[in-house]
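What follows is a single structure, written as structure tokens, with notes after it.
The values are calculated or read from the model by the stated rules, or taken from the named source; none is laboratory data. Here the structure is a predicted model, which means the values were calculated and not measured. So basically every Cβ, Gly included, is an ideal-geometry build from the backbone, and we count neighbours across all protein chains shown.
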Amino acid sequence: MENFTPAIETLKMIPSGGGLFEVLADDTVVFSKKALDRHAEEGEVLSLFSEAIGLEPAPRA
């Protein structure tokens, strides 16, 4: 997520029970472990997040 720092104004992590989690961009669910009943594949959440906000991650300095 550090590569998206220029595009992220606020980032919140809200604990949930049973290992479930959701990733939202604004109010849109980008990934839901509960809905899909599986963990995300490597890079999947970042790819979906990038797509949702319409930006590619900034290169690392």
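What number of residues within the stretch 16-33 are surrounded by 10 or more Cβ atoms within 10 Å (Cβ to Cβ) and in a loop (DSSP other than H, G, I, E, B)? Number satisfying all stated conditions: 3. The residue that is modelled with the lowest pLDDT, among those in the stretch 1-15 that are surrounded by fewer than 10 Cβ atoms within 10 Å (Cβ to Cβ) and either among the acidic types (Asp, Glu) or touching a Ser or Thr at 6+ places or on another chain (Cβ under 8 Å) (or both), is GLU2.
In the set LEU36, LEU46, only one residue is exposed (fewer than 12 other Cβ atoms within 10 Å of the Cβ) and out of contact with any strand residue (DSSP E or B) (no Cβ under 8 Å at 6 or more places or on another chain); that residue is LEU36. Figure legend. Inter-residue proximity from the stretch 4-21: first residues over 16 Å from LEU48 (Cα atoms), second residues of a type in the set (A, V, I, L, M), beta-carbon distance below 6 Å, spacing 6+ or different chains. Indicated pairs: PRO6/ALA58. Before we move on, is GLU56 free of Cβ contacts under 8 Å to residues at least 12 places away in the same chain, loosely packed, with under 11 Cβ neighbours inside 10 Å and in a loop (DSSP other than H, G, I, E, B)? No.
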